[in-house]
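Peer 1: Pasting a structure below so you can have a look.
The values are calculated or read from the model by the stated rules, or taken from the named source; none is laboratory data. The model shown is predicted, which means the values in this text are computed figures rather than measured ones. We place every Cβ from the backbone using ideal geometry, glycine too, and count neighbours over all the protein chains shown.
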Amino acid sequence: MPIPVLTIDGPSGAGKGTVSRLVAKKLGWNYLDSGSIYRSLAIALQQTSAGLKNVTEIVRVAQAMALDFECGDELIVKLNGEDITGRLGLESTGSAASQIAALPEVRRVLLQKQQDFRRLPGLVADGRDMGTVVFPDAENKVFLTASAEKRAERRYKQLMEKEIDVNLAELIKEIDARDRRDMEREAAPLAMAAGALYIDTSDMTINAVVEEVLNLIR
């Protein structure tokens, strides 16, 4: 009997992270935030002189980095023993992660790191290509989305609560640009997996989305 996997894919800001963590907690399953893996690599690269164009060096850093996920009420991510959670949500980190995620060589290196999270009693995997590439055999798949404006508003609120000054109009532009980059990239573009449950979270509460996803598992 294969280890069960629930994949939750969708664009940035659709609520994947919050929904996935809550669902994993209610099911008692393991949790994979694939976006944090790419964001962690972006942070690791910032600590070197590699930049975002030197593919050979990016691959080397990806192979060498050691990641630890601690999933309680909040996700804590440690890179080579250092807590980098506070830097994961920065727009500069997200933008860099989106760029390196488009590199096929990098995706191949990180694919196995993601698949290693598949452990008993089950896994909730959140990302862009969990149901299409990383766990194509998953029995349950979900695609979460929301309008760019709604996702920008959510991001704006999060950043303002952290006292990070940001412009809402610029956020909308960045989200639109990231969506296009994620959907048009050659390596594992953002797409809804065949048979996935489609949920537009624009006008839904988190609890309502969680309940809909749990109903799929049940």
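Peer 1: Quick one: count up the residues across segment 105-116 that are at pLDDT 90 or above and part of a loop (DSSP other than H, G, I, E, B).
Peer 2: Number of matching residues: 0.
Peer 1: Return the pairs, sorted by first residue and then second, in which the second residue is surrounded by 11 or more Cβ atoms within 10 Å (Cβ to Cβ) and assigned to a helix (DSSP H, G or I), the first residue lies in segment 70-89 and is in contact (Cβ under 8 Å) with a residue 60 or more places away in the chain, the beta carbons are less than 9 Å apart, and the residues are 6+ apart or on different chains.
Peer 2: Within 9 Å, the pairs are Gly89/Arg39; Gly89/Arg155; Gly89/Gln158; Gly89/Leu159.
Peer 1: Anything in segment 90-128 that is within 25 Å of Thr56 (Cβ to Cβ), loosely packed, with under 15 Cβ neighbours inside 10 Å and touching a residue at least 40 places away in the same chain (Cβ under 8 Å)? List them, or say none.
Peer 2: Those that are within 25 Å of Thr56 (Cβ to Cβ), loosely packed, with under 15 Cβ neighbours inside 10 Å and touching a residue at least 40 places away in the same chain (Cβ under 8 Å): Pro104, Glu105.
Peer 1: Also, quick follow-up: Checking the condition at pLDDT 95 or above, over 14 Å from Gly122 (Cα atoms) and either buried (at least 19 other Cβ atoms within 10 Å of the Cβ) or not polar (S, T, N, Q) (or both), which residue from Asp33, Asp9 passes?
Peer 2: Going through Asp33, Asp9 in turn, the sole match is Asp9.
Peer 1: Only one residue in Ser98, Ser147 is closer than 24 Å to Asp200 by Cβ and modelled with pLDDT of 90 or more. Which one?
Peer 2: Of the residues listed, the single one that is closer than 24 Å to Asp200 by Cβ and modelled with pLDDT of 90 or more is Ser147.
Peer 1: Here's another thing I want to ask about it. Is it the case, given these coordinates, that Arg39 is closer than 30 Å to Leu120 by Cβ, touching a residue at least 12 places away in the same chain (Cβ under 8 Å), touching a Gly at 6+ places or on another chain (Cβ under 7 Å) and surrounded by 17 or more Cβ atoms within 10 Å (Cβ to Cβ)?
Peer 2: Against the criterion (closer than 30 Å to Leu120 by Cβ, touching a residue at least 12 places away in the same chain (Cβ under 8 Å), touching a Gly at 6+ places or on another chain (Cβ under 7 Å) and surrounded by 17 or more Cβ atoms within 10 Å (Cβ to Cβ)), Arg39 qualifies.
Peer 1: Would you check which residues across segment 7-55 are outside any helix (DSSP H, G or I), farther than 25 Å from Glu174 by Cβ and out of contact with any Leu (no Cβ under 7 Å at 6 or more places or on another chain) and list them?
Peer 2: Thr7, Gly28, Tyr31, Ser49
Peer 1: Can you tell me which residue is farthest from Gly10 (Cα to Cα) among those in segment 141-174 that are among the small types (Gly, Ala, Ser) and under 19 Å from the mean Cα position of the chain (by Cα)?
Peer 2: Residue satisfying both the conditions and the ranking: Ala152.
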